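Asks: Just passing along the structure, written as structure tokens.
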Amino acid sequence: MPEGTDACRHPGRRGPDSLVRVLLPLVAVVATVPAPLAAPVLGAGAPPELLLAGGAVVLAGVGLTAAGTWRLLAAGARAVPAASLLGAAVMLGEGVAIGGELAPDGSPGLLVGAAGGAVAGAGLLGVLGRWWHRSRSGAPAPRTRRRPLVAAVALLVLLVATRGSVTAWLVALGVVGVVVAGLPLLVRHVRAGTPRAALVVDPVVRPTADAPAPAPEDDPYATIEVGPPAAPARAAAWAPTLRILHLGGADPDAAAELHRRLAVAGHEITVLSPRRSGVVDRIEHHGAGMVRWTHPVRRGWTRRGRLLAYVAAAVVAARHTRADLVVEELGTSPGPLAVPRWTSRPVVALATTLPAPEPTDRRAPLLRLRWWAVRTHRSVVVRSPAGAEALAAGRSRAHVAVVGDGIDPAALWTSPRHRDEDVVVRVGRLGLEPDAVRPLLYAWARVVSPGRLVLQGCGVHEPTLRGCAAQLGLSGQVAFAEERDGEARHARVASARVAVVAPGASDAASRAVALEALAVGTPVLGPDTAALREVVPSEVGLLVPPGADAAALADGLGALHADRARSHAAASQGPGLARAHDLDLLAGQTADVYLAAVTRRAMTRGTARVGGLVRS
């Protein structure tokens, strides 16, 4: 039976079941309180263990009696609960009286008698309740409470084992409290802020026979002018619409443009990510689809608290959100979550960042755990062939698809510019610190060039870099630019002689900056890394050793600045190399990977759930 079906069918059971789930752990705690903690409250006389055990039994009997009565009243019984309560009260009173006769001078006798009377009253109620259920064919049958009972017995064993030490007992109680009470509250909180149902969209949208041909202006991302067809176009078979849950991690904006293009194709994407300052939940409509941005926690949490809540929300969303596909982004924060172990839906991993290779000379349990989480995936999208090689080295058995990094579409639309002698460095796009830019300043001081070194997007580091340039006597040879507009930014790169990818940037940022420079026909100078070797051929750029000093950087700058052959090759070949990373093309490749993952899961299970339709 699906989760929640029984509760929806018989809502009266929720209250009694909740009471039993709270009562049983409470009885275990009361029965195992250490003697040093109970002695000041119970005082001298009877052994504290006997008093606590008797009190726990009385609490259990009275609580089970109350829960049983509540269940019978919710089921529609009237006479049986009244008779049961009357009988339980009589038995409790008789038990106290018998206990007083057995031990007239001490309270243990009264407590033992009360315990016996409470258990007898609960037993009487159980017998009468069972008889009433069997005599009423339409009444819901009572359920066995195995799970709460097993949990209570496990808690009792743990607390009894740690009862000899007050500190150990308190630690065990605190841990159990966090797991039993705190974690469900956190899950309930994040589930309340996580969308569990998607908007209803037509799963398969097909154009009608008399539908007019689409005009070029209907495509919001058209990059070329398309003339009207000479003959009536035949209607193509459109792909099914997918409902995608994307677990974006700490940097969900990296794939924002890709999400929007998938939405234009008719897919519906829900992006779940930790809350950050300045972000709000929102819904974006693009074409026939939509992108929903949601964050599981409220403002005011610490960064660690937000990440913890995101992890819990990701697990809850993967299990309960109505989606055809779950996409987990493998990043550095919070790291791989092994989502395929938490959901039965098809899962695709976007490997933006992979863990370091597992060491062979030492133990690294956390790193091995991260690689285990990566190996749980059976479908992975990597950004470069180097990522596919890293997965193979990590013993991954997943289907691997290489889908490159997308670049800013404005770079592909930038018209050619007249080139001057400047050299441009995208500081802000690469996320560089001043220490990573200083070697370029030292190298520029050695280069003899009529142009300037232009540093784009320095932001808060601009005063520091200006001071460094002034100390080197380069105030007139170094310029700072803050083109926030994409067209102006790419126009500045298009008019430069050389674009520099400074060492120290991430692989994804380095590839994006190099490709955007090649898109406007500017040769690239950068470190000789695997990420840049994949996108910068030797004909259109120059790569220097990653640890090169200022002299080697100066030699590379001077050689590429004077190399007119590479400049002409970059102008003619660069746009074609960059066009392979057009977001429109990458969105289509990504959608193919998503559909393939859904199809593979459907073939293994015999049914396909695509766009809300179940196909056998």
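Asks: I'd like the full set of residues that are among the hydrophobic types (A, V, I, L, M, F, W, C) and open to solvent by 90 Å² or more (accessible area, probe 1.4 Å), limited to the stretch 355-371.
Replies: First, pick out the residues of the stretch 355-371 that are among the hydrophobic types (A, V, I, L, M, F, W, C): 356, 364, 366-367, 369, 371.
Selection gives Leu366, Leu369.
Asks: A further question on this structure: Val311: within 21 Å of Arg341 (Cβ to Cβ) and surrounded by 20 or more Cβ atoms within 10 Å (Cβ to Cβ), yes or no? Steps first, please.
Replies: Details: within 21 Å of Arg341 (Cβ to Cβ): yes; surrounded by 20 or more Cβ atoms within 10 Å (Cβ to Cβ): no.
Against the criterion (within 21 Å of Arg341 (Cβ to Cβ) and surrounded by 20 or more Cβ atoms within 10 Å (Cβ to Cβ)), Val311 does not qualify.
Asks: Let me ask another. Every residue in the stretch 589-609 that is open to solvent by less than 50 Å² (accessible area, probe 1.4 Å) and modelled with pLDDT of 90 or more, please.
Replies: Across the stretch 589-609, the qualifying residues are Thr590, Ala591, Val593, Tyr594, Leu595, Ala596, Ala597, Val598.
Asks: Looking at the stretch 297-354 only, could you name the residues that are over 27 Å from Arg395 (Cβ atoms) and touching a strand residue (DSSP E or B) at 6+ places or on another chain (Cβ under 8 Å)?
Replies: Tyr310, Ala313, Ala317, Thr321, Arg322, Ala323, Asp324, listed by residue number.
Asks: Taking the stretch 314-335 on its own, how many of its residues are in contact with a helix residue (DSSP H, G or I) (Cβ under 6 Å, 6 or more places away or on another chain) and open to solvent by 20 Å² or more (accessible area, probe 1.4 Å)?
Replies: So the count comes out to 1.
Asks: In the stretch 318-335, what count of residues is obtained for those that are touching a Gly at 6+ places or on another chain (Cβ under 9 Å), part of a strand (DSSP E or B) and either of a type outside the set (A, V, I, L, M) or over 18 Å from Arg383 (Cβ atoms) (or both)?
Replies: 2
Asks: Okay, moving on. I'd like to check something: does the stretch 266-275 contain any residue that is touching a residue at least 40 places away in the same chain (Cβ under 8 Å) and surrounded by fewer than 19 Cβ atoms within 10 Å (Cβ to Cβ)?
Replies: No.
Asks: Same structure again: Quick check on my filter: what residues within the stretch 236-256 are surrounded by 18 or more Cβ atoms within 10 Å (Cβ to Cβ) and either without any contact (Cβ under 8 Å) to a residue 24 or more places away in the chain or over 17 Å from the mean Cα position of the chain (by Cα) (or both)?
Replies: Listed by number, the residues that qualify are Ala239, Pro240, Thr241, Leu242.
Asks: Output the helices (runs of 4 or more DSSP H) that fall wholly within the stretch 508-581 and possess 2 or more residues being small (Gly, Ala, Ser) and surrounded by fewer than 18 Cβ atoms within 10 Å (Cβ to Cβ), or say none. Please lay out each step first, then the result.
Replies: Working: elements: 530-533, 550-562, 564-579.
Result: 550-562, 564-579.
Asks: Right, next: How many of the residues in the stretch 388-430 are touching a residue at least 60 places away in the same chain (Cβ under 8 Å), under 25 Å from the mean Cα position of the chain (by Cα) and open to solvent by 60 Å² or more (accessible area, probe 1.4 Å)?
Replies: Matching residues across the stretch 388-430 total 2.
Asks: Being open to solvent by 60 Å² or more (accessible area, probe 1.4 Å) and either farther than 24 Å from Gly54 by Cβ or modelled with pLDDT under 80 (or both) is the filter here; which residues of the stretch 93-120 pass it? Give the steps one after another, and end with the answer.
Replies: The first filter runs over the stretch 93-120 and keeps only residues open to solvent by 60 Å² or more (accessible area, probe 1.4 Å), leaving 94, 98, 101-102, 104-105, 107, 110, 112, 119.
If the condition is that a residue be open to solvent by 60 Å² or more (accessible area, probe 1.4 Å) and either farther than 24 Å from Gly54 by Cβ or modelled with pLDDT under 80 (or both), then Glu94, Ile98, Glu101, Leu102, Pro104, Asp105, Ser107, Leu110, Val112 are the ones that fit.
Asks: If Pro439 passes every condition in (1) open to solvent by less than 40 Å² (accessible area, probe 1.4 Å); (2) under 40 Å from the mean Cα position of the chain (by Cα) but one, which one does it miss?
Replies: Evaluating Pro439 over (1) open to solvent by less than 40 Å² (accessible area, probe 1.4 Å); (2) under 40 Å from the mean Cα position of the chain (by Cα) leaves (1) as the failure.
Asks: Inspect the stretch 17-24 for any residue being at pLDDT 75 or above and closer than 21 Å to Leu111 by Cα and give the result as yes or no.
Replies: Yes, some residue in the stretch 17-24 is at pLDDT 75 or above and closer than 21 Å to Leu111 by Cα.
Asks: Give the residues of the stretch 479-495 that are of a type in the set (A, V, I, L, M, F, W, C), surrounded by fewer than 24 Cβ atoms within 10 Å (Cβ to Cβ) and outside any strand (DSSP E or B), sorted by residue number.
Replies: Within the stretch 479-495, the subset of a type in the set (A, V, I, L, M, F, W, C) is 479-481, 488, 491, 493-494.
Filter once more, so that each one left must be surrounded by fewer than 24 Cβ atoms within 10 Å (Cβ to Cβ): 479-481, 488, 491, 494.
Passing the criteria: Ala488, Ala491, Ala494.
Asks: Return the residue satisfying two criteria in turn: it lies in the stretch 442-469 and is hydrophobic (A, V, I, L, M, F, W, C) and in a helix (DSSP H, G or I), and of such residues it is most open to solvent (accessible area, probe 1.4 Å). Give the steps one after another, and end with the answer.
Replies: First, pick out the residues of the stretch 442-469 that are hydrophobic (A, V, I, L, M, F, W, C): 443-445, 447-448, 453-455, 458, 460, 465, 468-469.
Filter once more, keeping what is in a helix (DSSP H, G or I): 443-445, 460, 465, 468-469.
Working: Ala443: 0, Trp444: 3, Ala445: 53, Val460: 125, Leu465: 2, Cys468: 12, Ala469: 3 Å².
So the residue we want is Val460.
Asks: Further, regarding this structure: Would you mind finding the one in Val180, Val166, Val175, Val127 that is at pLDDT 70 or above, within 30 Å of His295 (Cβ to Cβ) and of a type in the set (A, V, I, L, M)?
Replies: Details: Val180 fails: at pLDDT 70 or above; Val166 fails: within 30 Å of His295 (Cβ to Cβ); Val127 fails: within 30 Å of His295 (Cβ to Cβ).
Step by step, each of Val180, Val166, Val175, Val127 is checked, and only Val175 is at pLDDT 70 or above, within 30 Å of His295 (Cβ to Cβ) and of a type in the set (A, V, I, L, M).
The values are calculated or read from the model by the stated rules, or taken from the named source; none is laboratory data. Remember, predicted model here, so these are calculated numbers, not experimental data. Reconstructed Cβ throughout: ideal geometry from the backbone, glycine too, with neighbour counts over all protein chains shown. Areas reflect the complete protein model, heavy atoms only, side chains present, ligands, DNA and RNA absent. Shrake-Rupley method; radii C 1.70, N 1.55, O 1.52, S 1.80 Å.
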